[in-house]
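Here the structure is laid out as structure tokens; the discussion comes afterwards.
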């Protein structure tokens, strides 16, 4: 049952489960739900951005606000920090302490000064570990020089070295291995990173990926990845992933290397299923890449939710051929921060450049330099407007504040999310298999299903009018996968946007609806 949709932008299209971009459908379903039950009663499980339902960590944001206050103190019409000298650092720190005590209530002042000392201490230690100058003056200059923290200048397009040092420290905690800031390049979130990679390697870039070239991707996958492959005419080598258990189709994996492969794209943990690949399966993916000399791109935005989970870049065979992308967006509940990065080890830069892309790159060029140019608005091989391709100062320092001061907030969020996952599945009457953040389920599999007369579009619309917004997920599966199994009633839920009680309410409403109550 196709349904005509009018978007707020004035555009219109037809809601067809077989054709419609799900990321255009769900905002319309949200609008229906709000009109029907009101914003307060909305139970939105469609969005993947946790900040939509929960505020980012308060401590980190309050501290960033404090940095903005200090920046106006240290940089104004009368004097700027860069006009001072390193031997004035003691005086500057005294000014900071004095003005903070005068400007805030006593308890708040002490908390902010304590956070300031922790910020300085941790930042200096990280800088030293990364081989950067690590005095109080160096951290002051990075934070407030040219009003860096409030966006006072164009930043280093690679990412400021000190910002990348903190980012490297963050990755070290997640990956359990040494990471150099020189191996990182900032991006405006993971989506910017993956778009940059396809643009750099595609026909508008170096021509490594041409029409009908074979790219391995798991099905289901995040819809924009599916769309990238299909829109570029790439032949997708599909490895099916059971959406309800996370089990991989081994026949697909065995067949994948029967013909040449250009690239393996891995979202791990997976979006939309929330499952991750075990160590044994990662070994097999690494072996497949080695056997076919394929480039690996791994999106690991959700890895930080699973302590101890290994990354493909940690595997010897795979690490040398892997481009890893990540973002703080989800774990910090700050999808608008656009704090993403591209990570290639030094060994990986050499190997990919010489053993995979050598005949496609310019003489003396490397894959890092290629991606650096491609991430600019000019794109491809041009690199035009590169000086504007930065992570803005406010984003950098809000991200740094989260990394250095947000550990307790991250831990609490992960605990809440795990409880949401457990309760939602329990109330819905479907088994919970240990996946995280997202879950896929088939409306027809919910116990008591009694809506056989309803087309899938009708179900999603009627649930929205009850206040429950789901994202239709038929197009998260590849064409071959959809041809072999009915996916029309499958939906993805994000359980990072509601309290546990409201997750329970959503599951109760879904279960009542499918049974016809």
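So residue 459 clears everything in (1) buried (at least 17 other Cβ atoms within 10 Å of the Cβ); (2) at pLDDT 95 or above; (3) assigned to a loop (DSSP other than H, G, I, E, B) except one condition, right? Which one?
Single failed check for residue 459: (3).
Taking region 74-108, which residues are closer than 18 Å to residue 149 by Cβ and exposed (fewer than 12 other Cβ atoms within 10 Å of the Cβ)? Can you show your working first?
Quick first cut of region 74-108, residues closer than 18 Å to residue 149 by Cβ only: 74-76, 79-84, 89, 92-93, 95-96, 99-100, 103.
Hits for region 74-108 are 76, 79, 83.
Would you check which residues across region 23-53 are touching a helix residue (DSSP H, G or I) at 6+ places or on another chain (Cβ under 7 Å), over 18 Å from residue 271 (Cα atoms) and assigned to a loop (DSSP other than H, G, I, E, B) and list them?
Selection gives 42 alone.
Can you go through 468, 423, 427 and tell me which one is surrounded by 18 or more Cβ atoms within 10 Å (Cβ to Cβ), assigned by TED's automatic domain parsing to the domain that holds residue 503 and at pLDDT 95 or above? It would help to see each step written out before you state the result.
Details: 423 fails: surrounded by 18 or more Cβ atoms within 10 Å (Cβ to Cβ); 427 fails: surrounded by 18 or more Cβ atoms within 10 Å (Cβ to Cβ).
Being surrounded by 18 or more Cβ atoms within 10 Å (Cβ to Cβ), assigned by TED's automatic domain parsing to the domain that holds residue 503 and at pLDDT 95 or above holds for just one of 468, 423, 427, which is 468.
Please tell me if residue 77 is over 27 Å from residue 180 (Cβ atoms), more than 34 Å from the chain's Cα centre (by Cα) and not in a helix (DSSP H, G or I).
Spelling it out, residue 77 is indeed over 27 Å from residue 180 (Cβ atoms), more than 34 Å from the chain's Cα centre (by Cα) and not in a helix (DSSP H, G or I).
Of the residues that sit in region 263-273 and are in a loop (DSSP other than H, G, I, E, B) and touching a helix residue (DSSP H, G or I) at 6+ places or on another chain (Cβ under 8 Å), which one is farthest from residue 311 (Cα to Cα)?
Filtering region 263-273 down to residues in a loop (DSSP other than H, G, I, E, B) leaves 268-273.
The next check asks that each one be touching a helix residue (DSSP H, G or I) at 6+ places or on another chain (Cβ under 8 Å); those that pass are 268-269, 272.
Details: 268: 8, 269: 10, 272: 18 Å.
The selected residue is 272.
Hey, among the residues in region 37-73 that are at pLDDT 95 or above and touching a strand residue (DSSP E or B) at 6+ places or on another chain (Cβ under 6 Å), which one's surrounded by the most Cβ atoms within 10 Å (Cβ to Cβ)?
Within region 37-73, the match that is surrounded by the most Cβ atoms within 10 Å (Cβ to Cβ) is 45.
Return a yes/no flag: does region 380-396 have any residue that is modelled with pLDDT under 95, in contact with a helix residue (DSSP H, G or I) (Cβ under 9 Å, 6 or more places away or on another chain), assigned to a loop (DSSP other than H, G, I, E, B) and crowded, with 23+ Cβ neighbours inside 10 Å.
yes
Scan (1) more than 18 Å from residue 394 (Cα to Cα); (2) loosely packed, with under 15 Cβ neighbours inside 10 Å for the single condition residue 154 breaks and write down its number.
(1)
So, in region 205-222, exactly how many residues are surrounded by fewer than 21 Cβ atoms within 10 Å (Cβ to Cβ) and either out of contact with any helix residue (DSSP H, G or I) (no Cβ under 9 Å at 6 or more places or on another chain) or under 18 Å from residue 492 (Cβ atoms) (or both)?
Residues that pass the stated criteria total 4.
Considering only strands (runs of 3 or more DSSP E) fully contained in region 139-245, which possess at least 1 residues that are closer than 30 Å to residue 119 by Cα? Talk me through it step by step, then tell me what you get.
Working: elements: 184-187, 214-219, 235-240.
Output list reads 184-187.
Is one or more of the residues making up region 304-311 in a helix (DSSP H, G or I), surrounded by fewer than 23 Cβ atoms within 10 Å (Cβ to Cβ) and within 18 Å of the chain's Cα centre (by Cα)? Give the steps one after another, and end with the answer.
Of region 304-311, the ones in a helix (DSSP H, G or I) are 304-305.
Next, only the ones that are surrounded by fewer than 23 Cβ atoms within 10 Å (Cβ to Cβ) stay: 304-305.
Add one more test, that the residue is within 18 Å of the chain's Cα centre (by Cα), and what stays is 304-305.
Within region 304-311, one or more residues are in a helix (DSSP H, G or I), surrounded by fewer than 23 Cβ atoms within 10 Å (Cβ to Cβ) and within 18 Å of the chain's Cα centre (by Cα).
For residue 479, are the conditions met, namely being surrounded by fewer than 18 Cβ atoms within 10 Å (Cβ to Cβ), closer than 30 Å to residue 506 by Cβ and touching a residue at least 40 places away in the same chain (Cβ under 8 Å)? Explain how you work it out, then say what you get.
On the way: surrounded by fewer than 18 Cβ atoms within 10 Å (Cβ to Cβ): yes; closer than 30 Å to residue 506 by Cβ: no; touching a residue at least 40 places away in the same chain (Cβ under 8 Å): yes.
So residue 479 does not fit the description; no.
Scanning for something part of a loop (DSSP other than H, G, I, E, B), modelled with pLDDT of 95 or more and in the same structural domain as residue 304 (by TED's automatic domain parsing), does region 366-375 turn up at least one residue? Break it down stepwise before answering.
Going through region 366-375, the residues part of a loop (DSSP other than H, G, I, E, B) turn out to be 366, 375.
Imposing the further condition that a residue be modelled with pLDDT of 95 or more reduces the set to 366.
From the residues that got through so far, the ones that are in the same structural domain as residue 304 (by TED's automatic domain parsing) too are 366.
Yes, the conditions are met somewhere in region 366-375.
The values are calculated or read from the model by the stated rules, or taken from the named source; none is laboratory data. Predicted, not measured: the structure shown is a model, and the values here were computed from it. Cβ atoms come from the backbone with ideal geometry, glycine included; neighbour counts cover every protein chain shown.
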